[in-house]
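Structure first, commentary second.
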C-alpha cells in the first residue's frame, strides 16, 4: 500500500517538508554569508529583510507547487487502488505499463497475504491442538536442551514427580535423576546431541517425596534448536511385577533343582520337555535323556495312560497315593510304591498346554508302615490281653492309642476315641486328674488314685502317667496305665472289717461262757421271784430286768455270730424257699410299722447255704430297710440270677446313706440308731463272708439297695461242661 489513512501520513508530505526545510536552510545560509560580508549594519539589515521576504515567497511558491503535486499523486493512487480503467486509459496513458505491473504485483501481494493469513491460522490451530495433547497426555512429555536443562513439561510429568511447573522448568534434569542412573542418562543425552534417536531407555527419577519411579523414554533431537523432545512412561509397577516374577522364577528354578520330589514337565501329548535330577535318578538315567521322548515310551501302562488322558480332557488334577509299580527294565527292584500328582497347565484359551508331573518314592515308607502295622498288631494283641487300661495321649491331651479295656470301660470303639480330648472322654472327672496330666506333660512320672465311673458305677482306679520324649528330649505325650482297684479297695475294707469282727468274735468266744453262766443264774432267780406272791408288787420290775437280760443274751449271741472260728454247716438249698418261709414274719413286722413289703422271686438254682444264718441275714437287712423308711414306704425283696451269681436284693425307699456313713457300713459297733448296737450289719457281712458272698450297696436320694451276691455252684458246673 502507498499510504496509511489511519495516521494521514503520506510519503509525499514527508518529502514536501524536507524540501521546505532544505530551501529554508539554503536561504538562511545565503543571507548569513551576505550579512557577514557586509560591513555596514544598515545594509546588513536591509539584506536580511530582503532575504527574508524572498525566503517567504520561495517557501510559499514551493509549498503551493508541492501541494498540487500531492493532490495529483493522491488522485492517481486512488485510481490505481480502485482499478479505475478510464483513468488509466485516458488520463495517464504514459503510465499504463507501470500501472499494469503495479496492479499485478498488488494482486500477488494480496494472494500471498491471504495464504499467509491462512497458514498463520492453521499453525495457530495446530499449536492449540498440540498444547491440548501435550497437557492431556497420560505419558510424561518434556522438552529438554542439550545442556540438560528442562524447557517445558506437561502436567503428567508434574503429577509424577510431585512438583509444579515452576519447580521443574529451568532446572537441570540431573537434579531429578537417581544418582546411580546419572551417567547412563547423560550418555543418552550426548547421543541425542549427535542427532541419534533413542528408544526404550530406562532410568529412575526421584520424586519430591523421595520415592523412585522407573521411566521408559523415547526421544527425538532437534539439532538446529539445541533441544530434544522426550516421551516417558511410568513402568514402576511393571518393574515391580518383573522383579516379583524374576524372584518367583528363580525360586521355582531352585525348587525344581533342589527339591526331593521328582518333577517332570510334559506337553499335552505326554512328551517330556524337562525333568529334574531327582526324577531322572528314580530311573537311574540322566535328565538330558528325557526331552524328546514320550512318558509311555519309558513307562508303558495302559491304566496310567487312561488317567493322563482323563486329566487332559477334564482339565482337573489327579492324585495317587502309594501306587505300586514295577520297572519294566529293572524287574529286580521288585514292587515299588509311588505318590504322584498330575496337574494340567492351561493356556490363554483355556486348553491344556502343559502337564506337571510330581513323583515321590514311598517304597521305604510303605514297607516301614507295613512293618509298623505288624508291630502295632502285635502290640495291640499284647495290650488287649492285659487286664488294665493302656493309652497314649499326645501333647494336645488327645488320645492316639487305647487298648480293648478302654473300649469296654467307656463303651466307645477305639476309632471313636482316637483324636478325642481327655475331657471329652472323662467328663467332669477330668478336673480331678488335670494337675497330674500337666505334670506328665512337663516330664514328670506320676501315680495316683481316684474314682472313675464305669457304666454309672463308681470304681477305684490307680493310674500311672509315663512321659514320652522325642529325639530332642521334648515331651511329646505320655503313656497311661489305669488299673481297676475297686476289688482291691473292697478287699482292704473287708479285711479291716473282718479283722475287727474276728477280734470281736474272739472276745465273744472268750467271755461268752463266763458272762452267760451268771446271767443264767440271775435269769432263773428273776423268773422265780416273778412267781412268788410276796414279790407281786415288784413283778413289773422283774419283767423289765428279764427283757434286758434277754437283750444282753442276744448281743452275746451276735458276738458269737462274728466269731470266725465258729463252725457252720452248708447244704444245697433254694434261697427263695427261705424267703417264703420268712414272709409272714416280715409282713407282720412291716404292717406293725405301717409299711409294706413286696417280694419278686426269680428262677434261681440251689446254692450251698446255712439256713439259720441266711435267715438272720435276711431279717437284719429287712429290719434295717423298714427302719430307714417313713410310714407308707415300700420295701422290695428280689432274687435273680446274673451271670454266674445268685443275687439277693433288698430295696428300701428311704433317704439314702451319706457317703461319710457309707465308708463305715458293716464295721462292728458303728451305728446311727439311738438304741442300736452296731452289730446287725456287721453280722450280715460276717455271714456273707462265711458263704463266700459279697455285699454291695447302691444308695441315692430315692433309697438304698443291698445286693448280696452268692457264687452259684450250678453255674460253675455248667461252665465246666461248656453249657453256659
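The values are calculated or read from the model by the stated rules, or taken from the named source; none is laboratory data. Everything quoted here is computed from the prediction, not taken from an experiment. Here the Cβ positions follow ideal geometry from the backbone for every residue, glycine too, while neighbour counts run over all protein chains shown.
Report yes if some residue within segment 586-600 is part of a strand (DSSP E or B), buried (at least 17 other Cβ atoms within 10 Å of the Cβ) and in contact (Cβ under 8 Å) with a residue 40 or more places away in the chain; otherwise report no. Within segment 586-600, one or more residues are part of a strand (DSSP E or B), buried (at least 17 other Cβ atoms within 10 Å of the Cβ) and in contact (Cβ under 8 Å) with a residue 40 or more places away in the chain. Within segment 695-709, the set of residues being surrounded by fewer than 21 Cβ atoms within 10 Å (Cβ to Cβ) and touching a strand residue (DSSP E or B) at 6+ places or on another chain (Cβ under 7 Å) comprises 696, 697, 698, 705, 707, 709. The residues listed here are 306, 348; of these, the one that is assigned by TED's automatic domain parsing to the domain that holds residue 271 and at pLDDT below 90 is 348. Only one of the listed residues (456, 443) is under 60 Å from the mean Cα position of the chain (by Cα) and at pLDDT below 80. That residue is 456. The strands (runs of 3 or more DSSP E) located wholly in segment 102-217 that include 2 or more residues which are touching a residue at least 24 places away in the same chain (Cβ under 8 Å), under 52 Å from the mean Cα position of the chain (by Cα) and on the phi < 0 side of the Ramachandran plot occupy 140-145, 198-206.
Hey, does segment 215-222 have a residue that's in the same structural domain as residue 185 (by TED's automatic domain parsing) and exposed (fewer than 10 other Cβ atoms within 10 Å of the Cβ)?
Of segment 215-222, the ones in the same structural domain as residue 185 (by TED's automatic domain parsing) are 215-222.
Subsequent filtering for residues that are exposed (fewer than 10 other Cβ atoms within 10 Å of the Cβ) retains none.
The answer is no, given that none of the residues of segment 215-222 is in the same structural domain as residue 185 (by TED's automatic domain parsing) and exposed (fewer than 10 other Cβ atoms within 10 Å of the Cβ).
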